[in-house]
Structures are given as C-alpha cells and as structure tokens.
C-alpha cells in the first residue's frame with residue numbers, strides 16, 4: 001500500500017516529507033518510521049535530511065541515483081536562492097568549481113551546513129531586505145530559484161568568503177556582461193557601504209563606468225576580508241587594498 005502511495009507521490013514530486021506521507025496514509029508515526037527505514041534499506045528511497053526523502057525510480061541502482069544538487073537545495077529551506085559562488089559558476093562567471101552549494105535564505109534553519117549524497121551544502125541566512133534579485137531557472141524539469149547575475153555579484157561582494165575572495169569576483173565582473181545601472185542600484189539597496197566601496201573600486205580597476213556615492217566615513221575597510229590586513233590605502237574608496245588587483249591577476 002505504501003509503495004503505491006509513493007508511486008502516486010512521485011508523479012507530483014520526487015521528494016516528500018514524513019509529514020506529507022503521514023497525511024496521506026494516517027499510519028501511526030512509530031510504524032511509519034519503521035516502514036520508511038525498511039524502504040530505505042531496500043533502495044526505494046534515500047533520506048535527504050531528517051524528515052525528507054528522495055524517491056528512487058524503479059531500476060535505479062541503490063546509492064547511485066540522485067538529483068541535481070540545485071534541485072536538492074531547493075528542498076532544504078524556504079524561501080531560498082542558489083547564490084554566491086554556486087551562482088557565479090552557474091552563470092559561467094568563474095572556472096573554479098565550488099566544493100559547496102551555497103543557498104541564501106532569510107529563514108531560520110537549525111542546521112546550516114550539511115552533506116547530502118556526498119555534496120556539501122551551506123545555508124547562508126541574510127536579513128529579509130537583502131533577499132531580492134531572484135529569478136527562476138529550469139533544472140531537471142524543476143523550477144529552481146537563483147540570484148540573478150547582478151545580485152550574485154553584489155552578494156559576493158557582501159560576503160566574499162562565500163565566493164572564493166575578491167579576485168574571483170573581479171574576474172567575474174571583467175569577463176561578463178552586466179547591467180551596471182542595476183549593479184549600482186542593488187549595491188545601494190543592500191545597505192552595506194563595504195559593498196559600495198568594493199564595487200566602486202573594482203569597476204575602476206576593470207574600466208567599467210558606474211555611478212556610486214563616495215564614502216563619507218574616514219574609516220578604512222578591507223577590500224578582501226578573506227586576506228590579511230596588509231597593503232596600500234586607497235583614499236578615494238577608503239579601502240585597504242590587501243590583494244593584487246593588477247590586470248595580470250585578473251587574467
């Protein structure tokens with residue numbers, strides 16, 4: 001009976017929760033837990049995280065079948081957006097393949113890091129007003145939310161440690177087509193003056209024109225917070241240039 005229900009659920013979605021199955025079967029939760037454990041042993045399902053399961057298609061080899069990592073990420077938290085280094089790579093902005101899938105959300109989640117089917121996932125919580133600039137992409141017949149190109153750059157400038165550092169972001173800006181009016185608007189909207197300064201400085205370095213206000217504070221911030229605080233000061237953007245941004249370094 002439960003197998004038939006799983007087949008029915010698979011027509012709608014390959015991932016289901018314990019609560020959804022309970023609502024459909026009304027089997028006692030203790031018994032349902034045992035049934036799910038046995039189905040997992042037989043290779044009918046795989047546990048994604050506590051209370052969430054992936055339905056394995058018939059004929060697939062146990063332990064070999066999985067979904068695209070972005071599709072799995074879409075089931076981990078709601079609302080969400082694939083972002084930071086993962087989005088950089090998705091758009092072809094970087095040749096570096098991140099070893100982690102970065103998922104941005106304004107929601108709370110008890111566990112922010114996890115490994116699922118050999119892939120590492122990092123849930124990055126942000127304030128509600130930083131959660132914008134999201135588009136939908138089709139991946140394996142599933143609509144997946146991902147930050148748009150300009151928001152991806154801004155998010156990476158906001159948290160460079162989730163993007164491989166400033167150099168990776170500068171290369172992405174240099175080697176891609178972006179809407180710089182949109183970039184400037186997003187930089188101001190995210191309400192982090194470090195982002196405005198980093199964006200302004202990098203645009204000058206790569207020869208792109210952008211309209212951004214000059215910093216009023218006399219305090220110097222790090223261009224790259226992932227690097228040691230050593231380098232020359234840039235008085236225009238009030239930044240300590242602590243990483244190499246010469247044209248050669250951006251090749």
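The values are calculated or read from the model by the stated rules, or taken from the named source; none is laboratory data. Computed from a predicted structure; not experimentally measured. Positions of Cβ are backbone-derived with ideal geometry, glycine not excepted, and every protein chain shown enters the neighbour counts.
For segment 4-34, a tally of residues being in a helix (DSSP H, G or I) and either under 34 Å from the mean Cα position of the chain (by Cα) or modelled with pLDDT of 90 or more (or both) returns 20. Do we find a residue being at positive phi and outside any helix (DSSP H, G or I) anywhere in segment 172-186? No.
Condition test on residue 210, is it in contact with a strand residue (DSSP E or B) (Cβ under 7 Å, 6 or more places away or on another chain), at negative phi and not in a helix (DSSP H, G or I)? Considered against the rule, which asks whether it is in contact with a strand residue (DSSP E or B) (Cβ under 7 Å, 6 or more places away or on another chain), at negative phi and not in a helix (DSSP H, G or I), residue 210 comes out as no. Going through (1) farther than 23 Å from residue 173 by Cα; (2) free of Cβ contacts under 8 Å to residues at least 40 places away in the same chain; (3) surrounded by 21 or more Cβ atoms within 10 Å (Cβ to Cβ); (4) under 23 Å from the mean Cα position of the chain (by Cα) one by one, residue 74 falls short only on (2). Among all residues of segment 182-197, there is at least one that is at pLDDT below 95, in contact with a strand residue (DSSP E or B) (Cβ under 9 Å, 6 or more places away or on another chain) and closer than 21 Å to residue 83 by Cβ.
Quick check on my filter: what residues within segment 90-104 are at pLDDT 95 or above, crowded, with 21+ Cβ neighbours inside 10 Å and either farther than 21 Å from residue 46 by Cβ or outside the structural domain of residue 190 (by TED's automatic domain parsing) (or both)? Once the filter is applied, which keeps residues that are at pLDDT 95 or above, crowded, with 21+ Cβ neighbours inside 10 Å and either farther than 21 Å from residue 46 by Cβ or outside the structural domain of residue 190 (by TED's automatic domain parsing) (or both), segment 90-104 yields 102, 104.
Residue 118 meets the conditions (1) surrounded by fewer than 15 Cβ atoms within 10 Å (Cβ to Cβ); (2) on the phi < 0 side of the Ramachandran plot in every case but one. The failed one is (2). If you go through segment 121-142 and keep only what is touching a strand residue (DSSP E or B) at 6+ places or on another chain (Cβ under 7 Å) and closer than 13 Å to residue 69 by Cα, you end up with 121, 122. Residue 161 meets each of the listed conditions (1) farther than 24 Å from residue 105 by Cα; (2) out of contact with any strand residue (DSSP E or B) (no Cβ under 7 Å at 6 or more places or on another chain); (3) at pLDDT 95 or above; (4) assigned to a helix (DSSP H, G or I) apart from (1). For residue 217, the conditions (1) modelled with pLDDT of 95 or more; (2) loosely packed, with under 15 Cβ neighbours inside 10 Å all hold with the exception of (1). Before we move on, is residue 66 surrounded by 15 or more Cβ atoms within 10 Å (Cβ to Cβ) and either modelled with pLDDT of 90 or more or farther than 30 Å from residue 250 by Cβ (or both)? Yes.
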